[in-house]
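Working notes for the structure below.
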Amino acid sequence: MRNLTVNGERLWASLMELARIGATEKGGVCRLAASDLDAAARQLFIRWCEEAGCTVTVDRIGNIFARRKGRDPALPPIMSGSHLDTQPTGGKFDGAYGVMAALEVVRSLNDMGYETEAPLEIVAWTNEEGSRFSPAMVGSGAFAGVFALDDALATPDNVTRVTLGAELDRIGFAGEAPVGEHPVSAYFEAHIEQGPILEAAGLPIGIVTGAQGQRWYEITVIGQEAHAGPTPMPRRRDALVGAARMIDAVNRIGHAHAPYACATVGFVQVSPNSRNTIPGRVFLTVDFRHPDNDVLTAMDHELRAACAEAAATQSLEVEVKEFWYFPPTPFDLRLVDAVREAAAAQNYPHQDIVSGAGHDAVYVARVAPTAMIFVPCVGGISHNEIEDAKPDDLTAGCNVLLNAMLECADRPADGPAG
Ligand code: GLV
Ligand code: MN
Ligand code: MN
C-alpha cells in the first residue's frame, strides 16, 4: 500500500468556494437539486475538472462524469464522487466533500505526475437528497438500473409538481450520454459521517462496511372538512388529529426498536390549512431505517397497525403507501479492506461503521464493487446549516481515498496482483 498525500489546503479552499453557491445567512447551503444554484455548482465543478485535464460527459439524468486517462484505456474506471445538491437547510459538506475529495485526488496525482493503470472518474450524481424531488439517490439509482430513466425524469417536485426532467432541461443538464451502460471497476465515496460515533470515539476515519436499509411511506388521512365553531367535538372527523396520533406512533416505533431504529415524519401537508376549518385531509411522509431487514419489516407491520387504529378511533380513512425501499446494503469486502489498509498505512486511528444515511454508494453497489470512507462532523450534526467538519479530518479522509483508489487503479481486480 502506497502512502501518498493530497493537498488539504486546496481541498478546504475548494469546499469553501463551492459553499458560496447557495450560501445561507446561518452559514449553511441551500442548493436544491436541478435549481439554478445546482446548475451554478455543476458549472464550477465542470470547470475545475476540465482545468485538471479531465474529459467531462453528462448523462440524460444529469449525472456528471469527469474522466482522467489511465495507461490502459480499456479498463473500466475507478470512480469516486458524491452529490452537489443539498437539503433546504443543508451544510457545506454533505455530498460536496465526496465530490471535492475525488477532484482533489485527481489534482494531487496531476501534481505528482502520477499515471494510473486504470482511468479515474470523478462523479457528481443528480438529486441525491430527495428533498425537492423524492425519493433520494435518483441519479445513481437510474445509473444502477433501479429506476427506469423515464420514471426518474418524471419525478415531481414535492410542492410545485414540475418534473426533474423538465428542470434538468431548463438548467441545461439533461445530457446526451446514455444512463448506465458504463462499466465501473470500483466505486469509492468519501462522506462526513452525519452522526456522532466517530467524534465521540475521537477517530478521524470510519471504514464503512455497509448502509442500513430504509423504508419511506406516503400516508394520506381523509376526514371531513367542517366549521370549527358549530361542529361539536364528538361529531368531528379531524384528519389532523388522526395524523398527529400516527406521527406519535412513528416516534414510538423508533424508540421501541432502540438503539438502531430511526423513525421520522419530516413532511406534512394539511388541507385546507385554514384556522377555522376542521382539517379534512392530511398528507405526511415517514422515513424508517434499520440495519436489520427483519426489524424494518416489523416496523412496517407496527406502522400499518397504528395507522389503522388511529383512523378507526377518529372515523377517518387512511392510505399507507410504501413509496421507497432499499434493504441493508453490505459493501464490497475487497474495497472495504483497501480503505482499512489505506487508513492503517497512514496511521489514522479508525473503526468500522455502518452508514445511517442513504448514499449514492448504496445504488452503485448494485453494479460495481463499492466502499465508503467516513470522517467525523462536529457534534454529529448534518442536514443543518451549522454542519461542520475539521480540515484535518477532511484531509485524512481524502488521503485514505487517494491510496485506496490507487490500490484498485494500479491493481485491477482481475489483474495478476489482484
Ligand atoms: C440522505 O441524505 C439521507 O436521507 O440519508
Ligand atoms: Mn450526502
Ligand atoms: Mn444529505
(request) Might you report the magnitude of the Cβ-based charge dipole of segment 121-188 about its Cα centre, with Lys and Arg at +1 and Asp and Glu at -1, to the nearest 20 debye? (result) 180
(request) Give the cross-link partners of LYS26 among the lysines, using a straight C-alpha distance below 20 Å as the criterion and excluding same-chain residues fewer than 8 apart. (result) LYS92, LYS390
(request) Go through segment 113-127 residue by residue and turn each phi into a ³J(HN,Hα) via Karplus (6.51, -1.76, 1.60, θ = phi - 60°); whole Hz please, and just put x for glycine and proline. (result) x, 8, 9, 8, 6, 8, x, 10, 9, 9, 10, 10, 7, 7, 6
(request) Mind ranking LYS26, LYS390, LYS321 by accessible surface for me, highest first, 1.4 Å probe? (result) LYS26, LYS390, LYS321
(message) What distance in nm separates the two pseudo spin-label positions at ARG304 and ASP36, each 7 Å out from Cα along the beta-carbon direction?
(response) 4.6
(message) Positive end of the dipole of segment 1-155, charges at C-beta (+1 Lys, Arg; -1 Asp, Glu), about the Cα centre: which of MET137, ALA66, ALA33 has its Cα farthest in that direction?
(response) ALA66
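Taking only protein heavy atoms and a 1.4 Å probe, what accessible area per residue, in Å², does segment 114-172 have with all protein chains in place?
Details: 1910 Å² over 59 residues.
Value returned for segment 114-172: 32 Å² of accessible area per residue.
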(message) For ASP169, project a label point 7 Å along Cα to C-beta. Then give me every residue of segment 137-153 with its amide nitrogen under 13 Å of that point.
(response) 153
(request) May I ask which residue of HIS301, ALA152, GLY358 lies farthest towards the positive end of the charge dipole of the chain, with charges of +1 (Lys, Arg) and -1 (Asp, Glu) on Cβ and the Cα centre as origin? (result) HIS301
(request) Take each of the peptides 256-262, 393-399, 299-305, 284-290, average the number of other beta-carbon atoms within 10 Å over its residues, and list them starting from the highest. (result) 393-399, 284-290, 299-305, 256-262
(message) Is there a quick way to get the dipole size of the chain? I mean about its Cα centre, with the Cβ of Lys and Arg at +1 and of Asp and Glu at -1; what is the value in debye to the nearest 20?
(response) 820
(request) Determine how large the accessible area of SER14 is when every protein chain is in place; take a 1.4 Å probe and give Å² rounded to the nearest 10. (result) 10
(request) Sort all Cα-Cα distances of the chain into consecutive 10 angstrom bins from zero, then give the percent of pairs in each bin up to the one containing the longest distance. (result) 5, 22, 30, 24, 12, 5, 2, 0, 0
(message) Just to confirm a number: summing +1 for Lys and Arg and -1 for Asp and Glu over residues other than HIS83 whose beta-carbon lies under 14 angstrom from that of HIS83, what do you get?
(response) -3
(request) Over the chain, with every protein chain in place, what whole percent of the accessible area is carbon and sulfur at 1.4 Å, could you tell me? (result) 51
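Based on the mean of other Cβ atoms within 10 Å per residue, sort peptides 66-75, 202-211 so the most packed one is first.
Going by the mean number of other Cβ atoms within 10 Å, highest first, we get 202-211, 66-75.
Per-residue counts of other Cβ atoms within 10 Å, averaged by peptide: what ranking do you get for 291-297, 404-410, highest first?
On the way: 291-297: 15.1, 404-410: 24.4.
Peptide ranking by packing, descending: 404-410, 291-297.
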(request) Could you rank MET112, MET79, MET233 by how accessible they are, 1.4 Å probe, largest area first? (result) MET233, MET112, MET79
(message) Could you derive backbone 3J(HN,Hα) for segment 238-251 from the dihedral phi with the Karplus parameters 6.51, -1.76 and 1.60 (θ = phi - 60°), listing whole Hz in sequence and x where the residue is Gly or Pro?
(response) 8, 5, 6, 5, x, 4, 4, 5, 5, 4, 5, 5, 4, 5
(request) Search the structure for amide H atoms under 5 Å from the amide H of MET79, placed 1.01 Å from N in the peptide plane, and list their residues when 5 or more places away or on another chain. (result) GLU121, SER185, ALA186, TYR187, PHE188
(request) Mind ranking GLU117, GLU199 by accessible surface for me, highest first, 1.4 Å probe? (result) GLU199, GLU117
(message) Starting from the 7 Å offset along Cα-to-Cβ, what nm value, one decimal, do you get for the label separation of ASP294 and ALA13?
(response) 5.4
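The values are calculated or read from the model by the stated rules, or taken from the named source; none is laboratory data. Being a predicted model, the structure only gives us computed values, none of them experimental. Because the Cβ atoms are built from the backbone with ideal geometry, glycine has one as well, and the counts that use them run over all protein chains shown. Quick note on the areas: whole protein, heavy atoms, side chains included, nothing else; ligands and nucleic acids left out. Shrake-Rupley method; radii C 1.70, N 1.55, O 1.52, S 1.80 Å.
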